[in-house]
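Structure first, commentary second.
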Amino acid sequence: MFVGLVVIHEYGHYLAARKSGVVVEEFGIGFPPRAWARKLKSGMLFTLNWLPLGGFVKLKGENDSATEKGSYGSVPLKNKVLIMTAGVVMNLLTAFVLFTFLALVGMPKLIENQFTIPSDTKVVRNQVLVGYVSEGSPAEKSGLLQRDQIISVTSGDKSYQLTSADQLPGITKELAGEEISVTVVRDGQTQVIETQLRGEQEVKESLVTNEPKGYLGVSPSEYTIQRSTWSAPIVAAGVIKQFTTETLKGLGSAIGNLIKGNGGAASSQVSGPVGIFVILKDGSLLGYQFILMIIAIISLTLAIMNILPIPALDGGRLFVTLIYHKILRRPLSKETEERIHGTGFAVLMLLFILITFVDVRRFF
């Protein structure tokens, strides 16, 4: 999935380069070492590589100072800008198409106040799910698991159907100390789980300690799917703007924590391919809408990260090129360009390894 989004991104560079008259020497999926290669009629080499970390398009004369005909360096600045930004545009377009499709068939609500057009929004599914399960709680002892869908809670002749996560705390407080039956759906199968809630006194006494306890010991969450009709493209644009803002806020917070020396807080705010795999695996039972939503968000994130002025990425290349062309007004030498972006790439690979290590420790 991730490689597919990167291929879409690189295809944008490919199209823009061809349109600008730049020769594309190689289109690679994954990073070297090379596993397979084939030369096409156009003369371009199509390759599959062993490291599934993305992909690349190799252009003739990729350096800004190249002068050969058909080279990247020989085309006007406006064409260079077009080539460098084309991948971002493709990822944005992909995110827009996916979000529009999801708005039509049912878009998961992942954040509070997620953008919608109220007059054209219908809730088509609202499930109460088991979120966090506290250690040693009645929920854990009885076998309740994260992402179990809670249908109802019964005690004697009292029965409560759950339609909102906000109902559960009140229900368990009312039934404090009683034996209850919790009806859940797990892996498509309905199960009835028996447990005894904590008593009111035990819960009350725990509230003044560092380890407050709940009657059942779960944090419920809701999984809501909303559908639109005529407003689907507007919803897609609104969601893109909203998630872009949240991404930039999160990135700013992570950088702020790093500057303050709070590496633990910073690492908890980011995730890599391992974390994405875990999210998709755990969320796969929620349906195809959840999977498509994550793919759309990743495509949007690729666009955001690639337009930022980070060396080795598109935004970094664009930033350095514009600095030399518009401000310094002197050629950007091949050696300087390779030193800047080579260092940036090495730092990115180090960051990739670090995030992967953090993800493995966090999830496994």
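The values are calculated or read from the model by the stated rules, or taken from the named source; none is laboratory data. Predicted, not measured: the structure shown is a model, and the values here were computed from it. Glycine also receives a Cβ, built like all others from the backbone with ideal geometry; neighbour counts cover every protein chain displayed.
Here Arg18, Arg34 are screened, and the one residue that is surrounded by 14 or more Cβ atoms within 10 Å (Cβ to Cβ), outside any helix (DSSP H, G or I) and of a type in the set (Lys, Arg) is Arg34. For the stretch 172-229, residues that are under 28 Å from Lys122 (Cα atoms), touching a helix residue (DSSP H, G or I) at 6+ places or on another chain (Cβ under 9 Å) and of a type in the set (Asp, Glu) total 1.
Please work out which residue is farthest from Ala312 (Cα to Cα), limiting yourself to the stretch 323-339 and to residues that are surrounded by 15 or more Cβ atoms within 10 Å (Cβ to Cβ) and in contact with a Leu (Cβ under 9 Å, 6 or more places away or on another chain). So, considering only residues that are surrounded by 15 or more Cβ atoms within 10 Å (Cβ to Cβ) and in contact with a Leu (Cβ under 9 Å, 6 or more places away or on another chain), the one farthest from Ala312 (Cα to Cα) is His325.
The sole residue among Val124, Val185, Val130, Val235 that is surrounded by 17 or more Cβ atoms within 10 Å (Cβ to Cβ), of a type in the set (A, V, I, L, M), in a strand (DSSP E or B) and under 35 Å from the mean Cα position of the chain (by Cα) is Val130.
Restricting to helices (runs of 4 or more DSSP H) lying wholly in the stretch 269-324: which have 1 or more residues that are in contact (Cβ under 8 Å) with a residue 40 or more places away in the chain and more than 23 Å from Ile83 (Cβ to Cβ)? Break it down stepwise before answering.
Working: elements: 273-283, 288-307, 314-322.
Here the list reads 273-283, 288-307.
With respect to the conditions (1) exposed (fewer than 12 other Cβ atoms within 10 Å of the Cβ); (2) touching a Gly at 6+ places or on another chain (Cβ under 9 Å); (3) within 20 Å of Leu286 (Cβ to Cβ), Ala165 falls short on a single one, namely (1).
For the structure I just gave you, tell me whether Thr163 is in contact with a strand residue (DSSP E or B) (Cβ under 9 Å, 6 or more places away or on another chain), in a loop (DSSP other than H, G, I, E, B) and either of a type outside the set (D, E, K, R) or free of Cβ contacts under 8 Å to residues at least 12 places away in the same chain (or both). In short, yes.
Within this structure, Ala86 passes the test of being of a type in the set (Gly, Ala, Ser), modelled with pLDDT of 95 or more, touching a Gly at 6+ places or on another chain (Cβ under 8 Å) and within 28 Å of Gly238 (Cβ to Cβ).
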